[in-house]
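See structure below.
The values are calculated or read from the model by the stated rules, or taken from the named source; none is laboratory data. Treat the numbers as computed from the prediction; the structure is a model and nothing was measured. For neighbour counting, all protein chains shown are included, and Cβ atoms are generated from backbone atoms with ideal geometry for every residue, glycine included. SASA here: full protein model, heavy atoms, side chains in, ligands and nucleic acids out. Shrake-Rupley method; radii C 1.70, N 1.55, O 1.52, S 1.80 Å.
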Amino acid sequence: MVTVEGTSTARFEPVRAALAAHIESGDELGASIAVDVDGVMEVDMWGGHADTARTVPWSRDALVSLWSTTKTLSSLAALVLVDRGELELHRPVAEYWPAFAAQGKQDIEVRHVLSHTAGLSGWEQPFTMDDLCHWPTASARLAAQAPWWKPGTAAGYHMQTQGQLVGELVRRVSGRTLTEFVDTEIAGPLGADVQIGAREADWPRIAALVPPAQLPGILADPAPEAVFTRTLLGSPARDEHVDTPQWRRAELGAVNGHGNARGLARALSVISRRGTANGHRLLSPDTVDRIFDVQADGVDLFLGVPVRWGIGYALADPRTMPHMPTGTICFWVGRGGSVVMMDLDRRITFAYTMNRLGDGILGSERTHSYIRHVYECLGTAAD
């Protein structure tokens, strides 16, 4: 029988059993799960292996590339600046970044960037991985680009561009890179083992990612001029780039964060606990409430499924995430199934990271299984 390391309170033992079963079956290679309940880490467990040969156990402090779960950290960085009055959600991006006004973008607001409604869901071609990893080039190209739909009228998931847009705002407002800001203003104060990119000293801790056997079956328009097609072609990062020095050294605030479940839960519990965690206040309750201002609600132009977008995060919706109850809950997922969700009604933060990627659009079958088990342990059934 597989041994799952770490701790869990008695009521969450079914979550431990579920993780062990997924590792035993081979569905999981290695993974970590954390559940913070109002500042108490009731679940902090891990198991499996960090390498495909199964020679390196997944350790307590193993890190993994988070793919799009990274966006939860970038959005939190922006909200910290909003809370300080240095960034205003309803002001035009161009007030902070004058070149951004080009090509009719003068009225795009900060909230549009944070809710995937800015109309800039990919870079115009040609655009390469080298361009993506060179910050000045990636920003200049977005500043010079025209939106692909009328901003604010619909959401189209900004798969790899959102990190650039948010990161540029953070740089211009704070004078620090997004990597530096997350490190000094979020990870450090909250004791969270998360980072944008990865410090070279931490590379030995990073688990190797295993791509899924097949691509997710995204239900979207494959026509050349469709938002789906343009976004996919205009988002150059691919599975083969992960675990390379270029990926780890880059600042890609949408996709290349590194961390584990414990680190994500510690960082994002500041939202579940309405602004204060680990003795540090990062946000006011009013700023936390603004996350739940609905900016778009309908079929996402890229993802092809219904998503209710708030400010920086998706909001709980049974159409989007099965087994997640309705209520004051925000979340986001990463490619392959990693997730962090913040349940403000119950003051719970749940995080899951893994190195074998699943093939779902928004979370894998394993993701949904763990969410279901967590809420069953809490005695709360999804609607």
Among the residues listed as Thr320, Thr367, Thr353, Thr326, the single one being of a type in the set (Val, Ile, Thr) and farther than 23 Å from Asp38 by Cα: Thr320
Among what's in the range 257-293 and is out of contact with any strand residue (DSSP E or B) (no Cβ under 6 Å at 6 or more places or on another chain), of a type in the set (A, V, I, L, M, F, W, C) and assigned to a loop (DSSP other than H, G, I, E, B), pick the residue that is least open to solvent (accessible area, probe 1.4 Å). Leu283
Do we have any residue at all in the range 69-86 that's open to solvent by 10 Å² or more (accessible area, probe 1.4 Å) and among the polar types (S, T, N, Q)? no
Which residue is nearest to Met159 (Cα to Cα), if the candidates are limited to the range 114-137 and must be assigned to a helix (DSSP H, G or I) and open to solvent by 10 Å² or more (accessible area, probe 1.4 Å)? Met129
Positions within the range 138-158 being assigned to a loop (DSSP other than H, G, I, E, B) and either open to solvent by 20 Å² or more (accessible area, probe 1.4 Å) or among the basic types (Lys, Arg) (or both), in sequence order: Ala144, Ala146, Pro147, Trp148, Trp149, Lys150, Pro151, Gly152, Thr153, Ala154
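Do we have any residue at all in the range 38-51 that's small (Gly, Ala, Ser), farther than 27 Å from Trp203 by Cβ and surrounded by fewer than 21 Cβ atoms within 10 Å (Cβ to Cβ)? Give the steps one after another, and end with the answer.
Of the residues in the range 38-51, the ones small (Gly, Ala, Ser) are 39, 47-48, 50.
With the extra rule that they be farther than 27 Å from Trp203 by Cβ, the set shrinks to 39.
Going one step further and asking which of them are surrounded by fewer than 21 Cβ atoms within 10 Å (Cβ to Cβ), we end up with 39.
Yes; the residues of the range 38-51 include at least one that is small (Gly, Ala, Ser), farther than 27 Å from Trp203 by Cβ and surrounded by fewer than 21 Cβ atoms within 10 Å (Cβ to Cβ).
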Inside the range 170-181, can you point out the residues that are closer than 16 Å to Glu95 by Cβ and either surrounded by fewer than 24 Cβ atoms within 10 Å (Cβ to Cβ) or not hydrophobic (A, V, I, L, M, F, W, C) (or both)? Arg171, Arg172, Val173, Ser174
Are there any pairs, at least 6 apart or on different chains, whose C-beta atoms fall under 9 Å, with the first in the range 263-280 and closer than 23 Å to Asp61 by Cα and the second at pLDDT below 95, and if so, which? Arg266/Asn278; Ser269/Asn278; Val270/Asn278
Reported set for the range 340-383 where residues are touching a Gly at 6+ places or on another chain (Cβ under 7 Å) and open to solvent by 30 Å² or more (accessible area, probe 1.4 Å) is Asp345, Glu365
Would you tally the residues in the range 196-225 being modelled with pLDDT of 95 or more, open to solvent by 100 Å² or more (accessible area, probe 1.4 Å) and among the acidic types (Asp, Glu)? 1
How many of the residues making up the range 93-113 are buried (at least 19 other Cβ atoms within 10 Å of the Cβ), of a type in the set (D, E, K, R) and assigned to a helix (DSSP H, G or I)? 1
Within the set of pairs 6 or more residues apart or between chains, which connect a residue that is charged (D, E, K, R) inside the range 284-295 to a residue that is assigned to a helix (DSSP H, G or I) with Cβ atoms less than 9 Å apart? Asp286/Asp83; Arg290/Leu79; Arg290/Val82; Arg290/Arg111; Asp293/Arg111
Output yes when any residue across the range 312-321 is more than 22 Å from His112 (Cα to Cα), without any contact (Cβ under 8 Å) to a residue 40 or more places away in the chain, crowded, with 16+ Cβ neighbours inside 10 Å and not acidic (Asp, Glu), and no when none is. no
In the range 1-92, which strands (runs of 3 or more DSSP E) lie fully inside it and hold 1 or more residues that are at pLDDT below 95? none
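What is the residue count in the range 366-383 for residues that are in contact (Cβ under 8 Å) with a residue 60 or more places away in the chain and not aromatic (Phe, Trp, Tyr)?
At the first step, the residues of the range 366-383 found to be in contact (Cβ under 8 Å) with a residue 60 or more places away in the chain are 366, 369-370, 373-374, 376-378, 382-383.
With the extra rule that they be not aromatic (Phe, Trp, Tyr), the set shrinks to 366, 369, 373-374, 376-378, 382-383.
Qualifying residue count, the range 366-383: 9.
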